[in-house]
Amino acid sequence: MIAGIVGKVSKVRDDGIDVETPSGLIFFVRLPASQIPAEGEEVRLYVHTVFNQQSGFELYGFKEEAQLEVFRTLLEVPGIGPAMALRILSELSLKELAMAVRMGNVNVLKRVKGLGTKKAEMVVFALKDVPLPEVEEEAEVSEAIKALTVLGMDYVQARDLVLQGVREGLKSVEDLISYALKRRGS
C-alpha cells in the first residue's frame, strides 16, 4: 500500500495530477478539486489506495492527514464510494463538514451533487465520532447560549434555538440571540 507521495507535479488533469517522484516514477493521484496545485509545484500528499477491477489501482491524495481520515470514514458509509467521498471533500471544507456534522445539518451535505437526504444523514452519523477541526462559529454559538441563559432561558432550549438559528444561516451573536428570543415560545 502507498501511504504517501512526495514529488513534483508534472501534469495537471481535470480530476487530479501526475506526480513525478525523485526516483523518476510518475503516479496519477486524484485530489479534491480545491487542492489541485499548479504544474511544477512540489507536493507532499497523504494517499489512500483503492483497487478497481476495471481500472486497477487508483490513488486518492490529500494535503492534510485529517482529510485522509475523513475520506476513509466516508468510504465506510454504505453507498459512498471513492468518487462520492472525493466529491464531498471537494465541495465542502473540513470546517463546513465539521459544522454540518456537529449541528446535524444534512442540508449542507445535500448541496453535494448526487448526495440525497438518506445518504447525507448516514454521513452525519458516520462522522459524528470522527475528530474534525474546530469550527470557527463555536465562539459565537457559545456566547449566544451563555447570554440566553443569563436572560433566564433554560440551557437546553437556548442551545437548541441557537443551533436552529445557525442551521438557518445566522452567524452573529446578536442575530442568534434575537432569533432564539423570538422563537422561545413557539
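Bear in mind that the values in this text are calculations on the coordinates, not laboratory data. Not measured: the values here are computed from a predicted model. Don't worry about glycine lacking a Cβ; one is built from the backbone with ideal geometry, like all the others, and counts go over all protein chains shown.
Extension gain, residue 175 to residue 146, is 9.0 nm, computed as 0.36 nm per intervening residue step minus the present C-alpha separation. If R0 is 25 Å, the Cβ-Cβ spacing of residue 121 and residue 25 corresponds to a FRET efficiency of close to 0.05. With unit charges on the beta carbon (Lys/Arg positive, Asp/Glu negative), name the residue among 7, 68, 86 whose Cα is farthest towards the positive pole of the charge dipole of the chain. Of 7, 68, 86, it is 86. For the set 95/118; 128/182; 110/182; 146/182, the pairs lying more than 20 angstrom apart at their alpha carbons are 95/118; 128/182; 110/182. Note on segment 1-157: with charges restricted to the Cβ of Lys and Arg (+1) and Asp and Glu (-1), its dipole about the Cα centre is near 540 debye. Taking K and R as +1 and D and E as -1, what net charge do the other residues with C-beta under 14 Å from the C-beta of residue 31 add up to? Neighbourhood net charge equals -2. Mean residue ellipticity at 222 nm, helices only, the chain: -13500 deg cm²/dmol; runs of at least 4 DSSP H residues each add -39,500 (n - 2.57), and the sum is divided by the number of residues.
The stretch between residue 18 and residue 75 holds 18.2 nm of extra length on full extension. This uses 0.36 nm per residue minus the Cα-Cα distance.
A straight chain from residue 182 to residue 107 at 0.36 nm per residue would run longer than the Cα-Cα distance by 24.7 nm. Given +1 at the Cβ of Lys and Arg, -1 at the Cβ of Asp and Glu and no other charges, the dipole of segment 65-127 around its Cα centre is 260 debye to the nearest 20.
With both labels modelled 7 Å from their Cα along Cα-to-Cβ, the residue 55 to residue 10 distance reads 1.9 nm. Distant-in-sequence amide contacts of residue 16, defined by a placed amide H-H separation under 5 Å and a gap of 5 or more residues or a different chain, comprise 31.
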